[in-house]
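Heads up: the structure comes next, in structure tokens.
The values are calculated or read from the model by the stated rules, or taken from the named source; none is laboratory data. On a predicted model such as this, the values are computed, not experimentally measured, just so you know. Please note: Cβ atoms are built from the backbone with ideal geometry, for glycine as well, and neighbour counts cover all protein chains shown.
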């Protein structure tokens with residue numbers, strides 16, 4: 001378990017929704033679409049900012065990254081490894097994009 005995976009699993013990370021909860025951001029919305037809250041599910045499933053990484057992960061795992069496709073990802077070791085790298089990457093980038101102090105203390 002890496003610090004970045006712990007962040008995504010516990011939702012204690014640099015996602016705007018989390019930072020908004022603690023009054024560290026003015027609004028909880030994602031930069032990709034002003035009406036979408038930037039939470040873990042949005043970032044993993046549909047965020048346009050991470051569309052390239054999302055598509056590469058789906059191609060590499062041959063599974064869709066949505067609620068129904070997640071069991072296929074975690075049942076195969078190779079797919080799980082690819083998916084976890086995707087999770088770490090988007091968490092790291094969210095921390096940086098949102099100027100989260102969490103990123104600076106863990107990396």
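A single member of 42, 54 is part of a helix (DSSP H, G or I), within 12 Å of the chain's Cα centre (by Cα) and within 21 Å of residue 80 (Cβ to Cβ), and it is 54. Condition (residue is loosely packed, with under 15 Cβ neighbours inside 10 Å, in contact with a helix residue (DSSP H, G or I) (Cβ under 9 Å, 6 or more places away or on another chain) and at pLDDT below 90) applied to region 16-37: is it met by at least one residue? No, the conditions are met nowhere in region 16-37.
Does residue 63 satisfy the condition of being over 23 Å from residue 33 (Cβ atoms), surrounded by fewer than 16 Cβ atoms within 10 Å (Cβ to Cβ) and more than 11 Å from the chain's Cα centre (by Cα)?
Working: over 23 Å from residue 33 (Cβ atoms): yes; surrounded by fewer than 16 Cβ atoms within 10 Å (Cβ to Cβ): no; more than 11 Å from the chain's Cα centre (by Cα): yes.
No: the conditions fail for residue 63.
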